[in-house]
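These notes are about the structure you will find just below.
The values are calculated or read from the model by the stated rules, or taken from the named source; none is laboratory data. Values in this document were obtained by computation on a predicted structure and should not be read as measured data. For neighbour counting, all protein chains shown are included, and Cβ atoms are generated from backbone atoms with ideal geometry for every residue, glycine included. All accessible areas refer to the heavy atoms of the entire protein, side chains included, with ligands and DNA or RNA removed. Shrake-Rupley method; radii C 1.70, N 1.55, O 1.52, S 1.80 Å.
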Amino acid sequence: MGQLGLQLYTVREETAKDFLGTIRKVAQTGYQGVEFAGYFGTRAGELKKTLDNAGLKVAGSTVQWAVLIDGLEASIEYCHLIDSPAIVCPWIPEEMRQSLQGFKKIVDRFHYFGTKCAENGMRFMHHIHGFEFEPIGGTCLMDYLLEYCDPKLVNFEIDVYWVEHAGVDSVQFMQKHAARCPYIHFKDTKDKKNFHDTEIGEGAIDMPAIMRLGKAHQAEWFIVEQEEFD
């Protein structure tokens, strides 16, 4: 059964003002864990103590591409100290997404990141943002990643909102690839023409179907994220 987490980017204005206090409030709402989008300069030991006292687990930590390139070992060490089981890459530089040669470089980098994470008892995932479905050279980056990334080293965090925004049916995608998506970002939209965030279950995305597919394929984390609020 997947656990319920909150991507802290959802409450980024609050975390920027009071990072640890916001984490404690998240725990009080009933979430089982959190996914980090930065640490705001907090020492790992202090963060771990706050998490333990609040009874929260860590789902994972999103780490930007530049940090993965220049500071992967430090990121892995920090994640170990807070018991984060996964590092998630949230973005890929645009210049690497324009050709099949670039696709190959992405896969090579992902395999390197995934190998280093695996050596340290962690997993590596890429967060699907929608640009992966843009056609390039007769294919798209998403198909290329699914075909050439070793599932022992690289898997995916699907964001159903951004998949739908790219014109792809998120339920159909999950029907084909749920086994490669152990983490699911639940984010809803008011409609599928004029995309705008709304509360999960109040919008146009078939969240119950996504939940069923996640459960059937033993997804580990169901992560709530909302980027904008009315």
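Listed values, structure above:
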| read-out | value |
| --- | --- |
| Residue count for the stretch 210-230, restricted to those that are open to solvent by 10 Å² or more (accessible area, probe 1.4 Å), closer than 19 Å to Val168 by Cβ and not in a loop (DSSP other than H, G, I, E, B) | 3 |
| Subset of the stretch 159-200 that is farther than 14 Å from Val224 by Cβ and of a type in the set (A, V, I, L, M) - its residue that is most open to solvent (accessible area, probe 1.4 Å) | Ala179 |
| Looking only at the stretch 134-158, and only at residues there that are aliphatic (A, V, I, L, M) and farther than 20 Å from Ile223 by Cα, the one that is surrounded by the most Cβ atoms within 10 Å (Cβ to Cβ) | Leu141 |
| Residues of the stretch 189-230 satisfying the condition of being within 17 Å of the chain's Cα centre (by Cα), of a type in the set (S, T, N, Q) and under 24 Å from Glu13 (Cα atoms) | Gln226 |
| Answer residue from the stretch 106-118, given it is of a type in the set (Val, Ile, Thr) and crowded, with 17+ Cβ neighbours inside 10 Å and is nearest to Asn155 (Cα to Cα) among those | Val107 |
| Residue satisfying condition, being free of Cβ contacts under 8 Å to residues at least 60 places away in the same chain and within 26 Å of Gly21 (Cα to Cα), within set Ala54, Ala59, Ala86 | Ala54 |
| Selection status of Gly114, at positive phi and of a type outside the set (A, V, I, L, M) | no |
| In the stretch 37-61, the residues that are polar (S, T, N, Q) and open to solvent by 90 Å² or more (accessible area, probe 1.4 Å) | Asn53 |
| Every residue from the stretch 65-83 that is within 22 Å of Leu20 (Cβ to Cβ) and touching a Pro at 6+ places or on another chain (Cβ under 9 Å) | Cys79 |
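Let's see how each residue does on (1) over 18 Å from the mean Cα position of the chain (by Cα); (2) open to solvent by less than 50 Å² (accessible area, probe 1.4 Å); (3) over 24 Å from Met174 (Cβ atoms):
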{"position": "Trp91", "(1), (2), (3)": "no, no, no"}
{"position": "Leu100", "(1), (2), (3)": "yes, no, yes"}
{"position": "Lys104", "(1), (2), (3)": "yes, no, yes"}
{"position": "Asn120", "(1), (2), (3)": "yes, no, yes"}
{"position": "Phe124", "(1), (2), (3)": "no, yes, no"}
{"position": "Glu132", "(1), (2), (3)": "no, yes, no"}
